[in-house]
Amino acid sequence: MSGPRLVVLIATVAFLLALTLMPRQIVAPVRNAVMHLAYAFAEPAVSGMSFIQVESTLNALVFIPLGVALAIIFGRKLWLFAPVFAFAISFTIEYLQVRVPGRVPDVNDIVWNTMGGLIGACIVALIRMMRTSPQE
């Protein structure tokens, strides 16, 4: 495991932990701003979605970098472990949220976070496949 890759993974995990384990009153202004931006800049995509659907989509999006970082760390042969670790990290976060004021654990968050980790890992796998495929 190389230094820069490990730094990216640690930074990604630290960001997710800060985002998901800080008390709600600290994170609420950032969350509200992100939701506002989602509706302002992605209006055509989110106009038919409920608040919960937008929030679930954002949960998946925020875990994509974790899936990317994990897939890179695990390498070509073990990249499929990335979504498993994304699930484990998400499960741990939801478990710990019970102890954080204003936070409410939600099984749906685990599902959407894991989907984001899977998408990130698949992105890495696809890029690797394209880079190693024979040129026509």
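The values are calculated or read from the model by the stated rules, or taken from the named source; none is laboratory data. Note that the coordinates shown come from a computational prediction; the quantities given were computed from them, not determined experimentally. Counting neighbours? That spans all protein chains shown, and the Cβs are built from the backbone with ideal geometry, glycine included. Please note that ligands, DNA and RNA were not included when accessible areas were found on the heavy atoms of the full protein model with its side chains. Shrake-Rupley method; radii C 1.70, N 1.55, O 1.52, S 1.80 Å.
Scan the range 83-123 residue by residue and report those that are over 11 Å from Leu66 (Cα atoms) and touching a Phe, Trp or Tyr at 6+ places or on another chain (Cβ under 6 Å).
Within the range 83-123, Ile110 is the sole residue that qualifies.
Just checking, which of Leu78, Leu118, Leu61 is open to solvent by 70 Å² or more (accessible area, probe 1.4 Å) and touching a helix residue (DSSP H, G or I) at 6+ places or on another chain (Cβ under 7 Å)?
Values: Leu78 fails: touching a helix residue (DSSP H, G or I) at 6+ places or on another chain (Cβ under 7 Å); Leu118 fails: open to solvent by 70 Å² or more (accessible area, probe 1.4 Å).
Criteria check complete, one pass: Leu61.
List every residue pair whose Cβ atoms lie under 9 Å apart, where the two residues are 6 or more positions apart in sequence or sit on different chains, the first residue falls within the range 19-37 and is in contact (Cβ under 8 Å) with a residue 12 or more places away in the chain and surrounded by 12 or more Cβ atoms within 10 Å (Cβ to Cβ), and the second residue, located anywhere, is acidic (Asp, Glu) and not in a helix (DSSP H, G or I).
From the range 19-37, no pairs qualify.
Hey, Ser47 hits all of (1) at pLDDT 95 or above; (2) surrounded by fewer than 16 Cβ atoms within 10 Å (Cβ to Cβ) but one; which does it fall short on?
(1)
Of these, Gly48, Gly102, Gly67, Gly116, which one is assigned to a helix (DSSP H, G or I) and either within 21 Å of Met35 (Cβ to Cβ) or more than 11 Å from the chain's Cα centre (by Cα) (or both)? Give the steps one after another, and end with the answer.
On the way: Gly48 fails: assigned to a helix (DSSP H, G or I); Gly102 fails: assigned to a helix (DSSP H, G or I); Gly67 fails: either within 21 Å of Met35 (Cβ to Cβ) or more than 11 Å from the chain's Cα centre (by Cα) (or both).
Unique residue meeting the criteria: Gly116.
Considering every residue within the range 111-119, establish whether at least one is out of contact with any His (no Cβ under 7 Å at 6 or more places or on another chain), closer than 19 Å to Ala14 by Cα and free of Cβ contacts under 8 Å to residues at least 40 places away in the same chain.
Checked against the condition, which is being out of contact with any His (no Cβ under 7 Å at 6 or more places or on another chain), closer than 19 Å to Ala14 by Cα and free of Cβ contacts under 8 Å to residues at least 40 places away in the same chain, the range 111-119 yields no hits at all.
Suppose we filter the range 24-45 for residues that are under 22 Å from Gly102 (Cβ atoms), more than 16 Å from the chain's Cα centre (by Cα) and among the charged types (D, E, K, R); how many remain?
Looking only at that region, the number is 1.
Just give me the residues in the range 14-48 being out of contact with any Leu (no Cβ under 7 Å at 6 or more places or on another chain) and under 20 Å from Ile110 (Cβ atoms), in sequence order. Working first, answer last.
Start the filter on the range 14-48 by keeping residues that are out of contact with any Leu (no Cβ under 7 Å at 6 or more places or on another chain), which leaves 14-15, 17-20, 22-26, 28-33, 35-37, 39-48.
Correct list: Ala14, Phe15, Leu17, Ala18, Leu19, Thr20, Met22, Arg24, Arg31.
Taking the condition assigned to a helix (DSSP H, G or I), surrounded by fewer than 19 Cβ atoms within 10 Å (Cβ to Cβ), under 15 Å from the mean Cα position of the chain (by Cα) and on the phi < 0 side of the Ramachandran plot, does Phe87 pass?
Working: assigned to a helix (DSSP H, G or I): yes; surrounded by fewer than 19 Cβ atoms within 10 Å (Cβ to Cβ): yes; under 15 Å from the mean Cα position of the chain (by Cα): yes; on the phi < 0 side of the Ramachandran plot: yes.
For Phe87, the condition - assigned to a helix (DSSP H, G or I), surrounded by fewer than 19 Cβ atoms within 10 Å (Cβ to Cβ), under 15 Å from the mean Cα position of the chain (by Cα) and on the phi < 0 side of the Ramachandran plot - is met.
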